[in-house]
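Colleague: Please read through the structure below; I'll follow up with questions.
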Amino acid sequence: MTEIIFSTIINDLKKATKTTGHPFRYFTLGTSSINGTPRLRTVVLRDIDEQLNLMVYTDKRSRKITHINEHNTVSLLFLDTDRLIQLSIRAKAEIITDDSTLKKIWEQVPQKSRKDYTTQLAPGEEIKNPEQVDFLEEKHFFTAVKLIPDKIEYLRLKRPAHIRVLFEKEKNEWEGSFLVP
């Protein structure tokens, strides 16, 4: 039965990369700074590959990049409130630095979304007026982050019995075991 659940997880994550309204499209990414301060933010699931590595996009000046450089173990939290399914994933974050890979990804970013990566000031900088953000014409700060999972915890709230499964990656194979919910 754990194989069926794992298969539905993969299918849901793949659908989320292509379906705007999918509940797993937006998820919470947790990082921690070098002094251990946790930080949570909502990000968009952009891609998933055959090894179940996930991809998100960000501004390379963002605080999450600083955190990942300091400590690359991250947490991901997905929630489907209709089906009452929660996915909690532990992963290693890898910042994509290869220029040709980034160029290929950048070319697929819709024109209207590219502006998000061209602000003159870095994300989180203080400004006086939100309508006066300055954008650069010829420069961007786009980067991508690959999230390489090694643990996935699935929880489905369901009566009469909730279902909780822990999947762990061992030697490139995923093994599932049921847990007490």
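The values are calculated or read from the model by the stated rules, or taken from the named source; none is laboratory data. Please read these numbers as outputs of a predicted model, since none were measured by experiment. When we count neighbours, we look across all protein chains shown, and the Cβ atoms used for this are built from the backbone with ideal geometry, even at glycine.
Colleague: For the stretch 157-178, give me each residue that is surrounded by fewer than 12 Cβ atoms within 10 Å (Cβ to Cβ) and in a strand (DSSP E or B).
Modeller: Within the stretch 157-178, E170, E173, S177 meet the criteria.
Colleague: Show the residue pairs meeting these rules: Cβ distance below 8 Å; 6+ apart or different chains; first residue within the stretch 14-43 and closer than 20 Å to Q108 by Cβ; second residue surrounded by fewer than 10 Cβ atoms within 10 Å (Cβ to Cβ) and modelled with pLDDT under 95.
Modeller: Listed by first residue and then by second, the contacts come to nothing, as the list is empty.
Rundown of residues vs (1) over 22 Å from V56 (Cβ atoms); (2) out of contact with any helix residue (DSSP H, G or I) (no Cβ under 9 Å at 6 or more places or on another chain), yes/no style:
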residue: E137; (1), (2): yes, yes
residue: K169; (1), (2): no, yes
residue: N172; (1), (2): yes, yes
residue: E175; (1), (2): yes, no
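Colleague: Still on this model: Exactly one condition in (1) out of contact with any Leu (no Cβ under 8 Å at 6 or more places or on another chain); (2) surrounded by 12 or more Cβ atoms within 10 Å (Cβ to Cβ); (3) modelled with pLDDT of 95 or more is not met by I85; state its number.
Modeller: (1)
Colleague: Just checking, does the stretch 98-108 include any residue being crowded, with 16+ Cβ neighbours inside 10 Å, closer than 22 Å to I48 by Cα, of a type in the set (V, I, T) and touching a helix residue (DSSP H, G or I) at 6+ places or on another chain (Cβ under 9 Å)?
Modeller: The answer is no, given that none of the residues of the stretch 98-108 is crowded, with 16+ Cβ neighbours inside 10 Å, closer than 22 Å to I48 by Cα, of a type in the set (V, I, T) and touching a helix residue (DSSP H, G or I) at 6+ places or on another chain (Cβ under 9 Å).
Colleague: Anything in the stretch 43-62 that is out of contact with any Ser or Thr (no Cβ under 7 Å at 6 or more places or on another chain) and modelled with pLDDT of 95 or more? List them, or say none. Don't jump to the end; show me each part of the working.
Modeller: Within the stretch 43-62, the subset out of contact with any Ser or Thr (no Cβ under 7 Å at 6 or more places or on another chain) is 43-44, 49-57, 59, 61-62.
Result: V43, V44, D49, L52, N53, L54, M55, V56, Y57, D59, R61, S62.
Colleague: Which residues, taken from the stretch 83-102, are of a type outside the set (A, V, I, L, M, F, W, C) and either under 20 Å from the mean Cα position of the chain (by Cα) or under 30 Å from H162 (Cα atoms) (or both)? Full working, then the answer.
Modeller: Of all residues in the stretch 83-102, those of a type outside the set (A, V, I, L, M, F, W, C) come to 83, 86, 88, 90, 92, 94, 97-101.
R83, Q86, S88, R90, K92, E94, T97, D98, T101 - these are the residues of the stretch 83-102 that are of a type outside the set (A, V, I, L, M, F, W, C) and either under 20 Å from the mean Cα position of the chain (by Cα) or under 30 Å from H162 (Cα atoms) (or both).
Colleague: Suppose we filter the stretch 85-133 for residues that are closer than 22 Å to K151 by Cβ and in contact with a Lys or Arg (Cβ under 6 Å, 6 or more places away or on another chain); how many remain?
Modeller: Residues in the stretch 85-133 being closer than 22 Å to K151 by Cβ and in contact with a Lys or Arg (Cβ under 6 Å, 6 or more places away or on another chain): 3 in total.
Colleague: Just to be sure I understand, how many residues within the stretch 19-53 are of a type in the set (A, V, I, L, M, F, W, C), surrounded by fewer than 15 Cβ atoms within 10 Å (Cβ to Cβ) and within 14 Å of H71 (Cα to Cα)?
Modeller: So the count comes out to 1.
Colleague: Taking the stretch 111-131 as the region of interest, how many residues are more than 19 Å from the chain's Cα centre (by Cα) and without any contact (Cβ under 8 Å) to a residue 12 or more places away in the chain?
Modeller: Residues that pass the stated criteria total 9.
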